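Presented below is the structure to which this report refers.
The values are calculated or read from the model by the stated rules, or taken from the named source; none is laboratory data. Just so we're clear, the structure is a prediction, and the values are computed from it rather than from any experiment. As a convention, Cβ positions derive from the backbone with ideal geometry for all residues, glycine included, and neighbour counts pool all protein chains shown.
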Protein chains: 2
Amino acid sequence: MMIEKVEKFCLNNNLFKVNDCLIIACSGGPDSIALADIMRRLQNKYNLKIIIAHAEHGIRQESSLMDAQYVKEYCIKYDLPFYLEHLKVPSFARENKLSMETAARVLRYRFLRKIKEQTGAVKIATAHHLNDQAETFLQHLIRGAGSEGLSGIKPVNGDIIRPFLCLYRREIETYCEQYDLKPRLDETNLSLDYERNKIRLELLPELERYNINVVKSICNSAKIIAEQNDYINCCAQKLYDENCKQEKNTIVLKSEAIKKEHIALKSALYRLIIKKMQGNLENIGFKHIDKIDKFLYNGHTGSILQLPHNLRIEQSYGNLIFQKSCEDIVLLGNYNFKIEMNSTIVLPDNSIIEMKQVDKPFKIKGNNECFIDGDKLTGTVHVRNRLAGDKMMPKGLNGTKKVKDIFIDRKIPAKLRDTVPLVCDERGIIWIAGVQQDSYYTIDENSKSIVYLSLKKL
Amino acid sequence: MMIEKVEKFCLNNNLFKVNDCLIIACSGGPDSIALADIMRRLQNKYNLKIIIAHAEHGIRQESSLMDAQYVKEYCIKYDLPFYLEHLKVPSFARENKLSMETAARVLRYRFLRKIKEQTGAVKIATAHHLNDQAETFLQHLIRGAGSEGLSGIKPVNGDIIRPFLCLYRREIETYCEQYDLKPRLDETNLSLDYERNKIRLELLPELERYNINVVKSICNSAKIIAEQNDYINCCAQKLYDENCKQEKNTIVLKSEAIKKEHIALKSALYRLIIKKMQGNLENIGFKHIDKIDKFLYNGHTGSILQLPHNLRIEQSYGNLIFQKSCEDIVLLGNYNFKIEMNSTIVLPDNSIIEMKQVDKPFKIKGNNECFIDGDKLTGTVHVRNRLAGDKMMPKGLNGTKKVKDIFIDRKIPAKLRDTVPLVCDERGIIWIAGVQQDSYYTIDENSKSIVYLSLKKL
């Protein structure tokens, strides 16, 4: 039985706990309505609170509104809380120069996290299944991803859970028929991603002619690659702790200590260092990792290896010094970097954001530093530049205000506004770095976890 | 320039050394004639001796003979030693119940190794290139291989080297045109493997419509997976040395010591143990590794997990005991297991072959033990059952004799002949276990490395 399969998968992977409140992202298609239906059936056994959230993308007009109506009726029938939001995807995409697909994803997750906060939910469940997993694998393989990319979708990722990563699409379709759910539409024909659709509708059926169980084969491979990759990343972190030192915007690596390590481990270490420097591995490919490794053995003190994003490596007396170069500052377009507690990240303009836990607040002056209440943080913290529609509740002010208006009030020149870093968590904006703090996160006498944020400009 | 690219690749991967004698396997197709041509051009610079070997498969009659003629003429033109053999693939395939493709491969490598021995060559070069690599990756992905399979073809594997694993097919074709080599045929249309041909002629061109550089993408992924896999296997070997004990036909693993290890490392350890038990991972899939890991945590003393090939695992007071079960002996068809020095392997009928280095010969009696000269071994040692056409030079006899005739002379019943293990290296048969030793490998007063072989029947 499919419900037992999903239940077992959820328990094995710790997707939820007894008494949890869960948001189900539900488009009204077969995958997500089946997810809503199965989670509803598990509700009593685990005393879950199930909340259905439907984002109407505002792309397909009337048909779109009927999807919303369908999900709403399902919720009424089973007495489930229903949240609906009409997203303005096309205008958001236009204003932020994003693809429709990316814009839709950003707005959808913004909406889901808003509902999550409003309702006190702990997780958001999405209906990704094994066929999605295989499609993602193939997409990454074709584009040329490393083992990170080939690892695919994970059952748990932050506050997102995927209870259906144990099911094939055909099982879900059978379930919908069996329980007469009459899903509104086939999501497969809806995706805004042309390449993804081609993989789904042409490539996978083609591969199934070689092996009817090819989705299973690919998912098994993805799982093994994910496990191996995770293991090597753990080993690389150990190597990092032993041989690297982070200092402001540089990371110093003792070359001699790692020269005899296995190439797989060294490569993972290089990727880890770059991630710590710039928050992601964007534009870092196979050939860059290769170049770094050659540089480890061939360079001499003073020689420099230039990498994308103004990252450069300098040889210096038995060390490799990874640094953000100060020459040739290039302002990048949109960025969005994850920042870990007790770490610093360097932004494309070489300014540095630091976030660290401190015992108690100390004296600071100016707008380039602030304290926030660590217990109020939701999910991971990111640093990004502004997006259209950004709002916050400025400290010392009642109510919300558009970020754009804050910039105008503070007389920040229009051409600089895109370069101002916003520190955000999954709830919203924490700090317009150097400009304005949000009132929600401010500390008071009851705060137990004090977090210090700073912006340093080079 | 292509020749510099190949030269650099060979040097970086240590494919040959100065003064080496190399066999080039040359079908007369574009890939292998280009390989012959490039190795010929590198000949003087590295003082190589290049020998061309052509196996005529006896499948396509006249066209096949013209291929041989073409390669021969090339060799005459450039004054290269040329070896030709007419293989009897169809009858060999029939007699040994092999696919035409497998039969052709077995006979081809047998021929190449014979020439290698006759000429004192040290390596055999084949013309596998990056497109072959991508095809192999896809074939394994579709069939559901683990990371081992996805690692693909290696630049060096035993005595085989692949100087072209840095080139795309189109580069090779361009080279052939440029130097007017007029290759005899397009090997791509020749392969006996239907699935492989479909991948080459349909799937890869299809994938190139998503990304014109998809072959590069796939090869990069394969390389990273190969490196990571190799690293994890090294870690697993360390874990094995610390926590496993091999005793005759069992391997005892201290369960408690590995329970906290990473799943990727444990999985690699299970695969390593099974490989040591039966020489390969045949019929061991994702689900078996999964089952073993669950068994590690859930079993209690006395509980047993049954795996394919009569392999079973027993829980016993904090240990997992891997063993070949003695019940339900099933005689398998053809087998071919690698055996490492100082190890034992268990054959499908539960008899055990041991191979170990000893200081000096000791007294033995009967035919179930023998000594051989370790310095005379070529490449890896395998244990397999007989194949049609097997020959050896029986100890104490001048000249070669068919294995079949030896069996007849010794009055070994026909129905048992397929179960008699033959210990072989890449040169030929070392020992018909329990029956007859080959004279080439026998020890004398000058032997410096004494290797003891034994057969134990259960």
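Does any residue of the stretch B:146-162 turn out to be away from every other protein chain (no Cβ under 14 Å), at pLDDT 90 or above and in contact with a Leu (Cβ under 6 Å, 6 or more places away or on another chain)?
yes
Please specify each residue of the stretch A:215-245 satisfying the condition of being without any contact (Cβ under 8 Å) to a residue 60 or more places away in the chain and more than 9 Å from chain B (Cβ to nearest Cβ).
Selection gives A:233, A:236, A:237, A:238, A:239, A:240, A:241, A:242, A:243, A:244, A:245.
Got at least one residue in the stretch A:246-260 being within 14 Å of another protein chain (Cβ to nearest Cβ) and free of Cβ contacts under 8 Å to residues at least 24 places away in the same chain?
As a first pass, look at the stretch A:246-260 and keep what is within 14 Å of another protein chain (Cβ to nearest Cβ): A:258, A:260.
Going one step further and asking which of them are free of Cβ contacts under 8 Å to residues at least 24 places away in the same chain, we end up with A:260.
There is at least one residue in the stretch A:246-260 that is within 14 Å of another protein chain (Cβ to nearest Cβ) and free of Cβ contacts under 8 Å to residues at least 24 places away in the same chain.
Starting from residues that are within 10 Å of chain B (Cβ to nearest Cβ) and under 25 Å from the mean Cα position of the chain (by Cα), keep the ones in the stretch A:195-214 and report whichever is surrounded by the fewest Cβ atoms within 10 Å (Cβ to Cβ).
For the stretch A:195-214, the residue satisfying everything is A:198.
Go through B:181, B:167 for me and flag whichever is over 23 Å from the mean Cα position of the chain (by Cα), crowded, with 21+ Cβ neighbours inside 10 Å and not small (Gly, Ala, Ser). Working first, answer last.
Working: B:181 fails: crowded, with 21+ Cβ neighbours inside 10 Å.
On inspection, the qualifying residue turns out to be B:167.
Look through A:422, A:416 and report the one residue that is hydrophobic (A, V, I, L, M, F, W, C) and surrounded by fewer than 16 Cβ atoms within 10 Å (Cβ to Cβ). Before the answer, list the steps.
Working: A:422 fails: surrounded by fewer than 16 Cβ atoms within 10 Å (Cβ to Cβ).
After applying the criteria, what remains is A:416.
In this structure, is residue A:453 within 26 Å of residue A:277 (Cβ to Cβ), free of Cβ contacts under 8 Å to residues at least 40 places away in the same chain and outside any loop (DSSP other than H, G, I, E, B)? Lay out the reasoning, then the answer.
Working: within 26 Å of residue A:277 (Cβ to Cβ): yes; free of Cβ contacts under 8 Å to residues at least 40 places away in the same chain: no; outside any loop (DSSP other than H, G, I, E, B): yes.
Criteria not met by residue A:453.
Show me the strands (runs of 3 or more DSSP E) entirely contained within the stretch A:16-129 in which 3 or more residues are within 20 Å of residue A:162 (Cα to Cα) and in contact (Cβ under 8 Å) with a residue 60 or more places away in the chain.
Values: elements: A:21-25, A:49-56, A:82-86, A:123-125.
Where strands (runs of 3 or more DSSP E) fall fully within the stretch A:16-129 and carry at least 3 residues being within 20 Å of residue A:162 (Cα to Cα) and in contact (Cβ under 8 Å) with a residue 60 or more places away in the chain, they are A:21-25, A:49-56, A:123-125.
State whether one or more residues within the stretch B:90-111 are more than 22 Å from residue B:280 (Cβ to Cβ) and at pLDDT 90 or above.
So far as the stretch B:90-111 goes, yes, one or more of its residues are more than 22 Å from residue B:280 (Cβ to Cβ) and at pLDDT 90 or above.
Among the listed residues A:258, A:304, identify the single one that is surrounded by fewer than 18 Cβ atoms within 10 Å (Cβ to Cβ) and either in contact with a strand residue (DSSP E or B) (Cβ under 8 Å, 6 or more places away or on another chain) or more than 30 Å from residue A:419 (Cα to Cα) (or both). Show your work before the answer.
Working: A:258 fails: surrounded by fewer than 18 Cβ atoms within 10 Å (Cβ to Cβ).
The conditions single out A:304.
Say whether the condition of being modelled with pLDDT of 90 or more and closer than 24 Å to residue A:116 by Cβ is met by at least one residue in the stretch A:404-413.
Looking for residues that are modelled with pLDDT of 90 or more and closer than 24 Å to residue A:116 by Cβ, one finds none in the stretch A:404-413, hence no.
This table checks each residue for (1) at positive phi; (2) of a type outside the set (Val, Ile, Thr); (3) touching a Phe, Trp or Tyr at 6+ places or on another chain (Cβ under 9 Å).
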{"residue": "A:20", "(1), (2), (3)": "no, yes, yes"}
{"residue": "A:34", "(1), (2), (3)": "no, yes, yes"}
{"residue": "A:38", "(1), (2), (3)": "no, no, yes"}
{"residue": "A:47", "(1), (2), (3)": "yes, yes, no"}
{"residue": "A:54", "(1), (2), (3)": "no, yes, yes"}
{"residue": "A:59", "(1), (2), (3)": "no, no, no"}
{"residue": "A:63", "(1), (2), (3)": "no, yes, no"}
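Could you go through the stretch B:169-178 and let me know if any residue there is of a type in the set (Phe, Trp, Tyr), modelled with pLDDT of 95 or more, part of a loop (DSSP other than H, G, I, E, B) and closer than 20 Å to residue B:2 by Cβ.
Start the filter on the stretch B:169-178 by keeping residues that are of a type in the set (Phe, Trp, Tyr), which leaves B:175.
Checking the rest, the ones that are also modelled with pLDDT of 95 or more come to B:175.
Then drop every residue that is not part of a loop (DSSP other than H, G, I, E, B), which leaves none.
No; the residues of the stretch B:169-178 include none that is of a type in the set (Phe, Trp, Tyr), modelled with pLDDT of 95 or more, part of a loop (DSSP other than H, G, I, E, B) and closer than 20 Å to residue B:2 by Cβ.
Which of the residues spanning the stretch A:380-392 are surrounded by fewer than 17 Cβ atoms within 10 Å (Cβ to Cβ) and farther than 13 Å from residue A:96 by Cα? Outline the logic, then answer.
Initial filter on the stretch A:380-392 (surrounded by fewer than 17 Cβ atoms within 10 Å (Cβ to Cβ)): A:380, A:389, A:391.
Passing the criteria: A:380, A:391.
Could you run through the stretch B:116-150 and say how many residues are over 27 Å from residue A:134 (Cα atoms) and of a type in the set (Val, Ile, Thr)?
4
Identify the residue in the stretch A:1-47 that is more than 17 Å from residue A:172 (Cβ to Cβ) and charged (D, E, K, R) and, among all such residues, is surrounded by the fewest Cβ atoms within 10 Å (Cβ to Cβ).
Checked the stretch A:1-47; the qualifying residue surrounded by the fewest Cβ atoms within 10 Å (Cβ to Cβ) is A:45.
So, in the stretch A:146-164, exactly how many residues are more than 17 Å from the chain's Cα centre (by Cα) and under 21 Å from residue A:267 (Cα atoms)? Spell out the reasoning first.
Applying the first criterion (more than 17 Å from the chain's Cα centre (by Cα)) to the stretch A:146-164 yields A:146-147, A:163-164.
From what's left, under 21 Å from residue A:267 (Cα atoms): A:146-147.
Counting residues in the stretch A:146-164 that are more than 17 Å from the chain's Cα centre (by Cα) and under 21 Å from residue A:267 (Cα atoms) gives 2.
Return only the number of the condition from (1) farther than 21 Å from residue B:40 by Cβ; (2) modelled with pLDDT under 95 that residue B:185 does not satisfy.
With respect to (1) farther than 21 Å from residue B:40 by Cβ; (2) modelled with pLDDT under 95, residue B:185 is out only on (1).
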